[in-house]
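The values are calculated or read from the model by the stated rules, or taken from the named source; none is laboratory data. Bear in mind the structure is a predicted one, so any value in this text is a computation, not a measurement. Note that we place each Cβ from the backbone using ideal geometry, even for glycine, and neighbour counts take in every protein chain shown.
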Amino acid sequence: MDYLVVEHLTKQFQGHVAVHDLWLTMAQGEVLALLGPSGCGKSTTLQLVAGLLHPDAGAIYLEGRPMNHVPPERRDMALVLQRGLLFPHLTVGENVAFGLKMRGMNRVDRDKEAIAMLHRVQLQGFEHRRPSELSGGQAQRVALARSLVIGPKLLLLDEPLSALDANLREEMQDLILSLQAQTQVTMLIVTHDQAEATVMAQRIALMFDGQLRQVDAPERLYRYPCDEATARFMGGVNFFTVQAEQHQWHLPSGQHLTSSLAHQGPLRVTLRPEALRLYTDAAHLPDVPGNCLQGEAIANRFTGTQRRITVAIAPNLTLQVWGSPTQDIALGQSVWVYIPADALWGLPGEPCPPVAMPSPAVQS
Amino acid sequence: MVGLTSKLSRQHLFQWRRWPTWARAYLLLLPAVGMIGLLFGGGLILACLQSIGIIGILGDTQPSLAAYGAAFSHPELGRSLWLSFYLAMVATGLSTVISIGLALLLRSAGRWTTIACQITLPIPHLVGVAGILLLLSPSGFLARLLMALGWIQSDQDVPLLVNDPNNWGVLLHFLWKEIPFITLILLAVLRGMNPYYEHQARALGANPWQCFWNVTLPMMKPGILSASLIVFSYIFASFEVPFLLGSTRPRTLPVLVYRAFTDTDLGKRPEAVALGLILSGISMAVLALYLGLTAKSRQTYAERGDS
């Protein structure tokens, strides 16, 4: 049932543990993002899956077939790396046809397939160009075509878009996703960019220090992070501690919040800044007891698409709220923050344990 | 106004930084190029004048091409030319192929490989030649060692490796000297190469041999070409190694030139100079041909794709 299974994967480099006891499964046709800060071992994991590195321990199965002793060229996987890495001594067409040539396909057929594939990445007529004549985005499209043309069982992408500028990145995300939808290829994307992982992947595997911390759908990772480090990596900014009495969560400042979750005892709480609402006029507050906190705006940052407003609620409690870009708020102004009951999320007191058992894969 | 502008431009003349870049580049190159031009070009012109009889050695200055006629009809010219070419080709080819293998083997080894390759670089060819004579000549170290071990009865039993008709000694010397040199260059090329190109090739389905043939070797090609070009042109015109280690007959072209030049008959000097100029001409023609061919192959490689 599981298409790709990674069990107990471990890799060390001269005493430094790059990947430690990693478990992961993927369903056929799934797009999974391996997300984490640089140096967390996600690229190493990708190279282990591709067979370019040998694990110290653990096993990799593709379609139930053990892969540990299969050389990279016989794994039926393809790799797209940062900056495309097109072979500089070959033309664009020859680059795309490379995998087919290695499989012994004759010249006429592989040229035909390469040209058809270039057409699909919107680079028709580029087959005679040199890689040095291409822009970064074009090179990355050729790299994608070169990987997809061999019909891989698993497409591995290592930071494929991080060398591109923002607009181009969005365009390439759309292109990759539409090609994935057409070919139904299973894709494992390595990225350090949580926004990219969120847009592209059906599930995100978050990795810290060589271990998987949480494997979940992007929305769940945002809303229900398993610990503070995960929440912070996913862009979380609001953290504070409450004393919970079932649905009533008491702040140290004496105020209390009503949560849709029940808990007893001290609890670390996080709030997504986009889930909060900001009011400048007490008359317009929603008619919900408790969950409106009054404070003073102490910072107001315009980001283009929104305003990041920091509100000091109590001496030890500030909250960041995303306001509308047109809502101008003066520093020192008195404001109200409305916290929806379902926006409150309690974190366990300690970092959550590494994902040690395979979690069920999402069927696409 | 006119006075002002000319004053300004005269000021500019002394302001080095305001000179155009090309002018500064040429001026900075002038000492080096001038030196080479004076010593090398001057010598070449003098030799030319000597060979066509404009500058005489015995006082007779009668312009003629007689020296070239004599040089071209020299009985050994053809065989000497062939021998020089053969030695340069074989030594360059062998050391290039061996160096490619060595560089691939040593690419992931530590810094010691670079140092090891540099050991032979400062040793002059003459010292290498002396070493080979001491080691391999019929009364050399190897013969005495084998005799002491009782493996051979007399020094006549060791194969002749110096001054032999097959020029083994010459080839051995050049392999000893040039393999580390080419390996050093290729190691630098390989270590400067992004290893992900090869990873990419393997992931796309290339086995290690296909990866080497289709990716590693083509990417090493510029380094291989320039290193082998340097080695080829050196060996082709090398004098002291074939002179000391080579066969007595036929002789390589540089040895032939030297013999003619040191002939007791001073009347043969113009012929010797003409032979030397023919050697230089052939050398340059071979280099030009080599460069032309490889430039073309570099271009066509892309179109062909298969190698």
Quiz item: Any residue at all in segment A:66-74 that is among the charged types (D, E, K, R), farther than 17 Å from A:G151 by Cα and within 14 Å of chain B (Cβ to nearest Cβ)?
Solution: no
Quiz item: Is there a residue being of a type outside the set (S, T, Y), on the phi > 0 side of the Ramachandran plot and away from chain B (no Cβ under 12 Å) anywhere in segment A:124-137?
Solution: yes
Quiz item: Among the residues of segment A:21-37, is there at least one that is out of contact with any Ser or Thr (no Cβ under 7 Å at 6 or more places or on another chain) and within 8 Å of another protein chain (Cβ to nearest Cβ)?
Solution: no
Practice problem: Sort out which residues of segment B:235-248 are surrounded by fewer than 22 Cβ atoms within 10 Å (Cβ to Cβ) and more than 14 Å from B:L81 (Cβ to Cβ), and write them in order of number. | Solution: B:F239, B:E240, B:F243, B:L244, B:S247, B:T248
Quiz item: Just checking, how many residues over segment A:138-171 are surrounded by 21 or more Cβ atoms within 10 Å (Cβ to Cβ), more than 14 Å from chain B (Cβ to nearest Cβ) and part of a helix (DSSP H, G or I)?
Solution: 1
Quiz item: Taking segment B:192-201 as the search range and keeping residues that are assigned to a helix (DSSP H, G or I) and not polar (S, T, N, Q), which one is farthest from the other protein chains (Cβ to nearest Cβ)?
Solution: B:G192
Self-check item: Scan of segment B:121-165 for residues that are among the polar types (S, T, N, Q) and either farther than 28 Å from B:S99 by Cα or surrounded by fewer than 16 Cβ atoms within 10 Å (Cβ to Cβ) (or both), ordered by number
Solution: B:S139, B:Q153, B:S154, B:Q156
Quiz item: If you check B:I179 against the conditions, is it more than 14 Å from chain A (Cβ to nearest Cβ) and part of a helix (DSSP H, G or I)?
Solution: yes
Quiz item: Given A:V121, A:V92, A:V96, A:V80, which one is within 30 Å of A:D193 (Cβ to Cβ), surrounded by 19 or more Cβ atoms within 10 Å (Cβ to Cβ) and more than 13 Å from chain B (Cβ to nearest Cβ)?
Solution: A:V121
Quiz item: Can you find even one residue in segment B:112-133 that is more than 17 Å from the chain's Cα centre (by Cα) and assigned to a loop (DSSP other than H, G, I, E, B)?
Solution: yes
Exercise. Could you tell me whether B:P222 is part of a helix (DSSP H, G or I), within 23 Å of B:S108 (Cα to Cα) and either away from chain A (no Cβ under 12 Å) or in contact with a helix residue (DSSP H, G or I) (Cβ under 8 Å, 6 or more places away or on another chain) (or both)?
Key: yes
Quiz item: Taking A:A181, is it without any contact (Cβ under 8 Å) to a residue 24 or more places away in the chain and either within 14 Å of another protein chain (Cβ to nearest Cβ) or among the hydrophobic types (A, V, I, L, M, F, W, C) (or both)?
Solution: yes
Quiz prompt | Pairs, first surrounded by fewer than 18 Cβ atoms within 10 Å (Cβ to Cβ) in segment A:12-31, second among the basic types (K, R), C-beta under 8 Å, six or more apart | solution = A:V17/A:K11
Self-check item: Which listed residue, of B:G43, B:G101, B:G78, B:G69, is under 30 Å from B:E198 (Cβ atoms) and either without any contact (Cβ under 8 Å) to a residue 24 or more places away in the chain or outside any loop (DSSP other than H, G, I, E, B) (or both)
Solution: B:G101
Self-check item: Criterion (basic (K, R) and part of a helix (DSSP H, G or I)) met by exactly one of B:R259, B:R251
Solution: B:R259
Quiz item: Just checking, how many residues over segment B:244-296 are more than 21 Å from B:G53 (Cα to Cα) and of a type in the set (G, A, S)?
Solution: 7
Quiz item: Is one or more of the residues making up segment A:102-113 in contact (Cβ under 8 Å) with a residue 40 or more places away in the chain, under 17 Å from B:R202 (Cβ atoms) and buried (at least 22 other Cβ atoms within 10 Å of the Cβ)?
Solution: no
Practice problem: Considering every residue within segment A:103-111, establish whether at least one is farther than 25 Å from A:V49 by Cβ, under 24 Å from the mean Cα position of the chain (by Cα) and more than 11 Å from chain B (Cβ to nearest Cβ). | Solution: no
Practice problem: Go through segment B:202-219 residue by residue and tally those that are more than 7 Å from every other protein chain (Cβ to nearest Cβ) and either crowded, with 20+ Cβ neighbours inside 10 Å or in contact with an Asp or Glu (Cβ under 9 Å, 6 or more places away or on another chain) (or both). | Solution: 5
Self-check item: Only one of B:I100, B:I52 that is hydrophobic (A, V, I, L, M, F, W, C), modelled with pLDDT of 90 or more and crowded, with 16+ Cβ neighbours inside 10 Å
Solution: B:I100
